[in-house]
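Comments concern the structure below.
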Amino acid sequence: MAGDAVHQFIPTGGYGMNSGICDAADLAWKFAAMLQGWGGPRLLESIDAERRPVAYENRDASERQHGRATSDQRTI
């Protein structure tokens, strides 16, 4: 699972799509490495450690973006 299937971002700024593309790219090369035999024994364990901090940052950025969007709408 990747992108919007696992990251519930407010749909402003494209953070869900960007996260999904990065999740898929990270998963693709790591799965390929494992299937082709050149991935190390702990390669798949690195997915969570690498992607989770990015997901938190994108979540926070999405919330900040949403806050700006809703505050702009109230002043109109």
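The values are calculated or read from the model by the stated rules, or taken from the named source; none is laboratory data. Source: prediction; values computed, not measured. Remember, those area values only see protein heavy atoms, side chains included, never the ligands or the DNA or RNA. Shrake-Rupley method; radii C 1.70, N 1.55, O 1.52, S 1.80 Å.
When Ile47, Ile21 are compared by accessible area at a 1.4 angstrom probe, the order from most to least is Ile21, Ile47. Of Arg59, Arg51, Arg42, the order by accessible heavy-atom surface (1.4 Å probe, DNA, RNA and ligands excluded), from most exposed downward, is Arg42, Arg59, Arg51. When the residues Tyr56, Tyr15 are ordered by accessible surface, computed with a 1.4 Å probe over the protein chains alone, the sequence from largest down reads Tyr56, Tyr15.
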